[in-house]
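Right, one structure below, let's go through it.
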Amino acid sequence: MMLSLELFVYALLVLLTLITGVFVWFCVNIYLRHAQYGHLPGPKRSSFFSGNLDVILVGIVEKRLPYAHVMWEMQQEYGPVFVLYLFNQVLVYICHPDTVKTLLMNTEHTKPAMYDVLYDLYGIRFLGNGLLSERDHSKWNARRKMINPAFHRKQLIDYIGHFNTSSDKLVVKFKQDADTDKPVQLMDGLRRTTLDGIAKAGFGMKEELILEDSPFIDAIETSLKGMLNKYQKPMDWMSPRNWKYHEEIRKSVRFLRNFGRDTIAKSREEQYKGEAQTNNVLSKILKYFDISKEDFDMESMVDEFLTFFVAGQETTSNMLGFTLLELGRRPEIAKKVQEEVDSIVGDKEFVEYQDVMKMEYTLLVLKESLRLYPPGAATARECAHDLDVCGYHVSAGTSCQMSPYVMSRMEQYFKNPLEFDPERFLRDEDNPLYAYFPFSLGARSCIGQQFALIEARVVLAKLFQNFTFKLDQTQSFGIVDQLTLTPEGLCTNFIYTRKMAA
């Protein structure tokens with residue numbers, strides 16, 4: 001009995017020693033990291049442990065601002081370089097074009113560990129090592145080279161038919177709610193349309209994603225909410241009361257990955273038989289390597305399947321939502337888009353690739369929407385060597401945060417930056433070089449940016465061909481941060497057919 005008690009006391013002492021050692025190591029680590037970056041401007045730390053967490057929470061929770069907007073306010077106060085401390089994590093924000101160029105255009109500066117959060121959701125592989133989350137440049141480069149041919153201009157022309165079909169379905173959906181006194185939240189239809197466009201143009205999927213309910217849509221939404229929950233509440237996995245919700249997220253991820261495997265396997269089998277479709281991204285990717293190999297990496301292909309859906313669908317639908325909001329409160333700009341659509345598309349039932357390329361003013365409108373509301377509001381790189389940024393020393397290994405949202409709202413680079421002015425891109429008053437990067441820059445810029453901009457113009461052409469929109473007076477112009485930026489109020493409009501409006 002005495003021996004057992006002595007062993008218990010000994011084990012307890014060892015445990016307390018280990019806990020004390022870990023705590024002391026954690027404190028020393030925080031102290032050293034804070035000391036390393038103490039020369040940089042930034043808000044005063046209110047706590048040794050949590051650092052600037054309170055400042056961020058005031059902006060996000062009390063003021064209900066997106067995180068990127070809180071960073072913009074800090075930039076205004078502290079200048080082009082500032083630092084934030086979150087426990088033992090140090091985030092250095094860079095808002096200077098020359099350094100943005102250095103970090104994004106040179107592949108020696110890699111993505112930091114924060115991107116690892118995308119690999120899985122509560123123990124189930126999610127985006128894995130897709131183009132968005134892969135940090136090893138050599139592995140990423142090999143995958144990018146394999147996928148690039150599917151996004152060349154001549155290939156994008158093949159996808160126009162899918163964009164027309166998806167947009168026509170959206171027109172049918174909106175006609176059901178048009179010419180009534182009932183306001184409509186446009187974002188649901190826009191999200192379904194861009195998801196359908198990616199499903200068809202990306203993977204040749206036959207599923208109906210616009211006019212009918214689909215388990216695929218529910219699984220995408222649940223997974224996205226799960227990704228946001230994991231990012232915002234990193235310790236949430238420890239709480240037993242949330243385990244049921246986490247299992248719902250895992251179930252959705254399993255469904256999506258199984259769906260992806262089945263879709264890819266079907267396309268691969270069609271390749272074998274010579275029956276493959278030729279007008280979708282997946283068929284073009286499979287065409288460029290030997291699909292008969294036994295070591296065919298299915299899981300990596302599924303990673304790209306989900307990455308394309310998650311990144312592509314959110315980017316395009318949010319861009320369209322913010323664009324329609326701005327056009328709603330700027331009728332003179334909406335009129336120019338309407339006139340361009342009428343002169344180029346007219347009453348044609350099919351929007352050709354050549355029509356899209358002629359929609360130059362509409363493209364300016366989309367670019368301006370992306371300037372003020374970039375769906376991906378930030379990117380980051382771990383600097384490979386010491387940097388001098390505006391006279392401040394930034395040491396190698398620092399996680400450097402760069403935000404197109406912040407820099408596109410800085411008066412140093414854009415005249416009247418908060419004004420929605422599509423024609424600014426035709427003048428020489430702004431200095432957007434390396435200050436405007438809604439799709440990132442350099443080798444790791446978004447592979448689907450032209451895909452998104454072409455799809456968005458087809459959707460707008462179809463909408464302006466058939467409808468006029470009037471903003472609901474209760475529509476908010478706030479921004480909701482859901483990892484990507486989305487309109488608050490979900491772009492609520494009254495819809496009128498063009499015949500009634502005339």
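The numbers here are math on the coordinates, done by the rules we state, and not lab data. If you're wondering where the values come from, they're calculated on a predicted model, not measured in any experiment. All Cβ positions, even for glycine, are placed from backbone atoms using ideal geometry, and neighbour counts span all protein chains on display.
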Completion exercise
Relative to the chain, whose Cα atoms define the longest principal axis, helix 67-78 and its Cα axis are tilted in degrees, nearest 10, by 70 degrees
Handout entry: Degrees between helix 186-203 axis and first principal axis of the chain (Cα, 0 to 90, nearest 10)
Key = 90 degrees
Exercise for the section: Could you give the size of the charge dipole of segment 110-214 about its Cα centre, using +1 on the Cβ of each K and R and -1 on the Cβ of each D and E, expressed in debye and rounded to the nearest 20? Expected result: 680 debye
Exercise for the section: With θ set to phi - 60°, apply the Karplus curve 6.51 cos²θ - 1.76 cosθ + 1.60 along segment 334-350 and write out the HN-Hα couplings as whole Hz, x wherever there is a Gly or Pro. Expected result: 4, 4, 5, 5, 4, 5, 5, 4, 5, 6, 9, 9, x, 9, 4, 7, 10
Practice task
Work out from phi, with θ = phi - 60° and the Karplus expression 6.51 cos²θ - 1.76 cosθ + 1.60, the ³J(HN,Hα) of each residue of segment 26-38, listed in order in whole Hz, and give x for Gly and Pro.
Solution key: 4, 5, 5, 4, 4, 4, 5, 5, 5, 5, 5, 10, x
Practice task
Loop only per DSSP, at most 10 neighbouring Cβ atoms within 10 Å: give me the trypsin sites (Lys or Arg not before Pro) in segment 179-222, ordered by residue number.
Solution key: LYS206
Fill in the blank from the handout: Simple spin-label estimate for TRP237/ARG498, 7 Å along Cα→Cβ, in nm, reads 5.2 nm
Exercise for the section: Would you give the gap between the C-alpha center of segment 29-90 and the C-alpha center of segment 103-182, rounded to a whole Å? Expected result: 31 Å
Problem - Given charges at beta-carbon only (K, R positive; D, E negative), |dipole| of the chain in Debye - result: 260 debye
Completion exercise
Expressed in angstrom and rounded, the centroid-to-centroid distance over alpha carbons for segment 189-225 and segment 292-357 is 14 Å
Handout entry: Positive-pole candidate from LEU387, PRO422, THR398, dipole of segment 368-432, charges at beta carbon
Key = THR398
Problem - Positive-end extreme of charge dipole, segment 396-502 - chosen from MET410, ILE447, GLY478 (charges on Cβ) - result: ILE447
Handout entry: Mean residue ellipticity (222 nm) of the chain, computed from DSSP H runs ≥ 4 via -39,500 (n - 2.57), nearest 500
Key = -16500 deg cm²/dmol
Problem - Karplus (6.51, -1.76, 1.60) ³J(HN,Hα), θ = phi - 60°, over segment 115-120, in Hz, Gly and Pro reported as x - result: 6, 5, 5, 7, 4, 9
Exercise for the section: Return the Cα extents of the chain along principal axes one, two and three, sorted largest first, each rounded to a whole Å. Expected result: 90, 57, 45
Handout entry: Dipole moment magnitude, nearest 20 debye, segment 24-100 about Cα centre, only Lys, Arg, Asp, Glu C-beta charged
Key = 180 debye
Practice task
Evaluate E = 1/(1 + (r/R0)^6) for LYS287 and GLU488, where r is the Cβ-Cβ distance and R0 equals 45 Å; express this FRET efficiency to the nearest 0.05.
Solution key: 0.60
Problem - chymotrypsin sites (Phe, Trp or Tyr not before Pro) lying in DSSP loop within segment 14-117, provided at most 14 other Cβ fall within 10 Å - result: PHE48, PHE49
Fill in the blank from the handout: Diffusion coefficient in µm²/s returned for segment 15-68 by Stokes-Einstein, Kirkwood Rh over C-alpha pairs, 25 °C and 0.890 mPa s, is 186 µm²/s
Exercise for the section: Return the percentage of antiparallel bridges among DSSP beta bridges fully within the chain, rounded to the nearest 5 %. Expected result: 95 percent
